[in-house]
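Notes follow the structure.
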Amino acid sequence: MIGYGELDMVCASAPAKVYFFGEHSVVYGKPAIAAAISLRTNVTVHSAPPSSHIYVNAPKRTSLERTPYVREVVMMLSKQYDIPTSGYWIDVQSEIPKAAGIGSSAALTVATIGAISSYFDIKLEPVEIASMGHAVERAVQGSASPTDTWISTFGGVYRIPERRRLSISEFIFVIGDTQETSSTKKLVGAVKTLKDNYPSIIGPLMDAMGALSDYGETLLVNGKLEEVGKLMNLNNSLLESLGVGTDALHKFVSVAISAGALGAKITGAGGGGCMVALSPSKDVAKNIANALEKCGGEVYVVKSTDIGLRLEV
Ligand code: PMV
């Protein structure tokens, strides 16, 4: 273990994600395709006097108790690897909007595991980090799919549940955050009720969403982005049929398409939060962003990224 004073600080960062296809249906075992994006959360561990309580700057100074994901990481690491629960401070800086369906909690969790484990010189394999991250999300939220923490740890574009990394080039996305807050747990519950009440309608709808990932994977790998966009639009209509759309999301999606997006859809649980548009170029991405800004959303032009969890120097 590295002692106090030997290492002043360690910083790790991890990315957010969007779904190309398959949120909600992935809960029922259907395939989904998700991509890490270039919005990141940075977590820095600083040395502090050995007996001082851990506090978290996120970005305002607060206690560990008030930052549940960080607290849970500290607790799990201390149980499993005997690291101290005092004597260091944690800074969090994030570009990722919170509770908006693009994996802010996974990025925070994964970057925190990376920064603390590295500060104390604990060698964790990426698979162990993703799995601990998932356990942390489950402990804090009650339920969580492993998708977000996996993508945040490894970066890239993956087919879930097989965790098959797709070797494809970089994409430009425009993300529109409606700034309506949503609860993944509530929405997953509402979809389950719908499915329980109308299995012969919702079952085939889930199958169709799975098929979108199957077709989408081939199209992505072959660079057929116009077709990918069409399937994203189709996926959005199916998500709306499940009742996870909102007026704002609907508007953002149609505005993005009118401004030149190849396709656009809700990303994540829906019920508010973010939509994602696939752009054919940087210039069109600017047009889409301008159009979405006029709708009153917070807008991010991002790229897909192969960079998952990494230590910053
Ligand atoms: O909103 P997010 O980023 O938590 O994504 C939720 C995705 C769901 O498929 C709706 C739920 C899940 O656990 O996979």
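What follows is calculated from the coordinates using simple rules that are stated; it is not laboratory data. Since we're looking at a predicted model, the values are computed, not measured. Note: ideal-geometry Cβ built from the backbone for every residue, glycine included; neighbour counts use all protein chains shown.
Please find, within segment 258-287, the residue that is farthest from residue 38 (Cα to Cα) out of those that are in a strand (DSSP E or B), more than 16 Å from the ligand (Cβ to nearest atom) and not aliphatic (A, V, I, L, M).
Checked segment 258-287; the qualifying residue farthest from residue 38 (Cα to Cα) is 263.
Can you tell which of 300, 215 is over 30 Å from residue 124 (Cα atoms), aromatic (Phe, Trp, Tyr) and in a helix (DSSP H, G or I)?
The conditions single out 215.
Anything in segment 107-160 that is surrounded by fewer than 16 Cβ atoms within 10 Å (Cβ to Cβ) and assigned to a loop (DSSP other than H, G, I, E, B)? List them, or say none.
The answer is 121, 123, 125, 142, 143.
Of all residues in segment 180-194 being within 16 Å of the chain's Cα centre (by Cα) and exposed (fewer than 15 other Cβ atoms within 10 Å of the Cβ), which is farthest from the ligand (Cβ to nearest atom)?
Out of the qualifying residues, it is 181.
Quick check on residue 205: is it within 28 Å of residue 285 (Cα to Cα) and assigned to a helix (DSSP H, G or I)?
Against the criterion (within 28 Å of residue 285 (Cα to Cα) and assigned to a helix (DSSP H, G or I)), residue 205 does not qualify.
Which is outside any loop (DSSP other than H, G, I, E, B), within 16 Å of the ligand (Cβ to nearest atom) and under 19 Å from residue 112 (Cα atoms), of 96, 37?
Matching residue, one of 96, 37: 37.
Could you grab me the full set of residues in segment 14-32 that are surrounded by fewer than 24 Cβ atoms within 10 Å (Cβ to Cβ) and more than 8 Å from the ligand (Cβ to nearest atom)?
Once the filter is applied, which keeps residues that are surrounded by fewer than 24 Cβ atoms within 10 Å (Cβ to Cβ) and more than 8 Å from the ligand (Cβ to nearest atom), segment 14-32 yields 28, 29, 30, 31.
In segment 284-299, what count of residues is obtained for those that are over 22 Å from the mean Cα position of the chain (by Cα) and under 21 Å from residue 230 (Cβ atoms)?
3
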